[in-house]
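Asks: After the structure tokens below, expect a handful of questions from me.
Read-outs throughout are calculated quantities, based only on the coordinates presented, and are distinct from any laboratory measurement. Here the structure is a predicted model, which is why all the values come from computation and not from measurement. Don't worry about glycine lacking a Cβ; one is built from the backbone with ideal geometry, like all the others, and counts go over all protein chains shown.
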Amino acid sequence: MAAAVSTLSFNPAIVCCSRTGLSSNSHNTKLCFDPKKRIVDVGMGLLASSVMALTPLEADATRIEYYATTADPPCDFSFARSGLGFCDLSVGSGVEAPYAELINVHYTARFADGTVFDSSYKRGRPLTMRIGVGKVIKGLDQGILGGEGVPPMLVGGKRKLQIPPELAYGPEPAGCFSGDCNIPANATLVYDINFIGIYSGNRK
């Protein structure tokens, strides 16, 4: 990750905490969160905050869009061979998501019953993630980068993803602390992805 990017709080959607440190292997470690907040910051990769903080007006605008995304009507999913469901609300007109580079996204994450468990809009700023190299759950890598019949997302695009357990966390619960897990085993997850742009500080 580029040195200019500051590290955001670790997100149990994709980063696992062991007793000795961080691990990307969610099958062998338990995922953690801040027990003082009692809120899991479930993200999509080893995420970093934007370099520039948003103004209050911009933050209010993103929170308004969060409420809009939670009210979005369901769409008709197409399904890849992997079982990933996808549908585009807006295709976008920019470049494709670049393999292994950092991109900025807004997202709202739900369980299959519609319950929201995390959203970047609530924090008032997009998040930065590296795509295509296993830093996020498989369903997000495929759903944004494309493959197996899923077209790559374009900058400016908005897409819904229905991620089956085998492309998310499988039989293991996630976001666990002291035996209390916020994502149950075998959970199907639904993500609303808004592809904001390529992170300008990328270094190859």
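Asks: Based on the mean of other Cβ atoms within 10 Å per residue, sort peptides 97-103, 76-82, 157-163 so the most packed one is first. If you can, show how the numbers build up before the last one.
Replies: Values: 97-103: 18.6, 76-82: 13.1, 157-163: 22.4.
Highest mean packing first, the order is 157-163, 97-103, 76-82.
Asks: Contact order normalised by length for the stretch 71-150, with contacts defined as Cα pairs under 8 Å and 6 or more residues apart; what percent is it? All intermediate terms of the calculation are to be shown ahead of the outcome.
Replies: Details: 90 pairs, mean separation 23.6, N = 80.
Here the relative contact order equals 29 percent.
Asks: With a Förster radius of 30 Å, plug the Cβ-Cβ distance of ASP113 and SER200 into 1/(1 + (r/R0)^6) and report the FRET value to the nearest 0.05. Display every interim value, and only then the final one.
Replies: On the way: r = 38 Å, r/R0 = 1.26.
Calculated transfer efficiency: 0.20.
Asks: So, one more: Identify the residues of the stretch 150-168 with backbone N under 12 Å of a label point that sits 7 angstrom from the Cα of SER78 along the Cα-to-Cβ direction, or state none.
Replies: So the set is 150-153.
Asks: Something else about it: Assuming 0.36 nm per residue, please report the length gained on full extension of the stretch ASP88 to GLU166 beyond their Cα-Cα distance.
Replies: 25.9 nm
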